[in-house]
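In what follows, a single structure is set out as structure tokens and then discussed.
The values are calculated or read from the model by the stated rules, or taken from the named source; none is laboratory data. All figures in this text were calculated on a predicted structure; none of them were measured in a lab. Cβ: placed from backbone, ideal geometry, glycine included. Neighbour counts: every protein chain shown.
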Amino acid sequence: MAVENKLESFIANPRIALWKLTIPMMFGLFVNSIYILVDTYFVGSMLGEDGTSALSALGYVMPFYFIIMGITFGISSGTTAVIAQYIGQNNHSSTSLAAQNSLVIAVLVSIINIFFTYWFGSDAIEFQGANPKVLSLALEYFYIMAYGSVFLIFSIFLRGILIGEGESIVPMVALGTGTILNIILDPFFIKHYGIGGAAYATMISHIVVIFIFLYFIFIKKITYSNLNFQDFNLNFKIWKKIFKLGIPSSISMLIMSFGLFIMNTILVEDSHVAGYNLANRIENFATLALISLASSQVTIIGMFYGAKKYYLIKPMIRYATVWAMIIGGLFSILSLLFIDKVAPLFFPSNSTLDLAMKDNAIKSTIQYYNYMAFAYPFIGLTMVSSRALQAINIAWPMILITFTRVIILQCSLTYLFIVVLDYEDVAWAWYSISISCIIAGIIAYLMRLYFVNKLKEIQ
């Protein structure tokens, strides 16, 4: 479908358009998130008595993985919003320039990633306090994952371009293929290379994803944007627009990564870190519908904003908000019903040396969801509200909302309960996280109401 016709269809029926984008995107992200769960499962189940230590090692690496993901997804979300707005304006040349310049930004992000990995990676992992065995495993996985993430960075930026154009089928196909390949490769590489094999398998899968994207872009020519770089120029005005909308999202994700780092140091015990890591991985996997819904509305609202169809924006946001809270509520119910059955699957059953550690890690994971179940509707509210503001060129509230949730509330309360008051039950940490998410959701909703109500109505 021509992009002009696609925009017209979005305007004619925004609700149907939202789900046409959300469902393929959700499936694509769903299978992509299996990367992480697959690594978690095979690492925990195939490494025998080292399995629980390996899961702890993944927990210590996760803050840095989320830093890479945070910066990349954040800036690429700026690309998505800018491209959607230019398409709404029917500005083909600016759309192409935005896409081309975003790939140059991807090169810059990759260089920065390699630099920080080389100079600061090992020191930061050691600082979290892992025991020598866990530290060795963490570093083995970290370096392969960090350097291989260059391919992940480019795949995310290519996905951001396509999503901005309203194309969600190709990302679904690419990510689905990569996930299947990762599932096939993981057992072989882990068997022969240990925990590092999981990182190798994931890296190869990301390379394949890039080739699939390039095939559809250059062979099938599915993009509205021109990515051949024949008329390319560094356009720092576009960089400014991308960074204006993307950097707040990146900073928000960096704050969350820093929060994971702080939580790992506060929790101290490797079993609690392993449980927290597994809980986060399952949570990231299970909240994909919320992420997809929030991301899809950026494309639609961005196009409406670019086309100055302001009267369509408020109903779109209200509709997305209702469904975000419904989806969050459904996940709350499912987590309460099934987490005690799911969590043990990711820990080795044949371990003897780490039996107590395994049991404590499973207990921590289950406890986490018992407290967090009440928070998921508010997480949905936060996602939809903050991304809606990004689509209308107001992205900075993301930083305030995330900082309040993670640093002022989550980490501070956890430190108060676990360190200052010396409460031994780790459930106090999970209680702190849940409360912080609920308060953040309310703040995000109120800020969204304020800024969206300031939009000039055009009948």
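Go through the range 145-185 and give me each residue that's polar (S, T, N, Q) and part of a helix (DSSP H, G or I). Hits for the range 145-185 are 149, 155, 177, 179, 182. For the range 215-230, check the following and say yes or no: at least one residue is in contact (Cβ under 8 Å) with a residue 24 or more places away in the chain, in a helix (DSSP H, G or I), over 27 Å from residue 67 (Cβ atoms) and not aromatic (Phe, Trp, Tyr). Scanning the range 215-230 turns up at least one residue that is in contact (Cβ under 8 Å) with a residue 24 or more places away in the chain, in a helix (DSSP H, G or I), over 27 Å from residue 67 (Cβ atoms) and not aromatic (Phe, Trp, Tyr). Taken together, the residues in the range 419-438 that are without any contact (Cβ under 8 Å) to a residue 40 or more places away in the chain and crowded, with 19+ Cβ neighbours inside 10 Å amount to 2. A search for C-beta distances below 6 Å between a residue of the range 97-118 that is in contact (Cβ under 8 Å) with a residue 12 or more places away in the chain and any residue that is surrounded by 15 or more Cβ atoms within 10 Å (Cβ to Cβ) and outside any helix (DSSP H, G or I), counting only pairs 6+ apart in sequence or on different chains, returns 97/235; 99/225; 99/227; 100/232; 101/235.
Looking at the structure I just gave you, is residue 151 at pLDDT 85 or above and touching a His at 6+ places or on another chain (Cβ under 6 Å)?
In short, yes.
Against the list (1) in contact (Cβ under 8 Å) with a residue 40 or more places away in the chain; (2) buried (at least 24 other Cβ atoms within 10 Å of the Cβ), the condition residue 197 fails is (1).
Candidates in the range 413-459 are the residues that are at pLDDT below 90 and among the small types (Gly, Ala, Ser); of these, the one that is nearest to the chain's Cα centre (by Cα) is 429. What residue, among those in the range 68-86 that are crowded, with 24+ Cβ neighbours inside 10 Å and among the β-branched types (Val, Ile, Thr), is modelled with the lowest pLDDT? Ranking the candidates gives 68 first.
Within the range 321-341, the set of residues being of a type in the set (Phe, Trp, Tyr) and free of Cβ contacts under 8 Å to residues at least 24 places away in the same chain comprises 338 only. Looking at the structure I just gave you, is residue 130 assigned to a helix (DSSP H, G or I), among the aliphatic types (A, V, I, L, M) and either out of contact with any helix residue (DSSP H, G or I) (no Cβ under 6 Å at 6 or more places or on another chain) or crowded, with 19+ Cβ neighbours inside 10 Å (or both)? So residue 130 fails the test. Given the structure, is residue 284 at pLDDT below 85 and assigned to a helix (DSSP H, G or I)? Taking the combined requirement at face value, the residue satisfies it.
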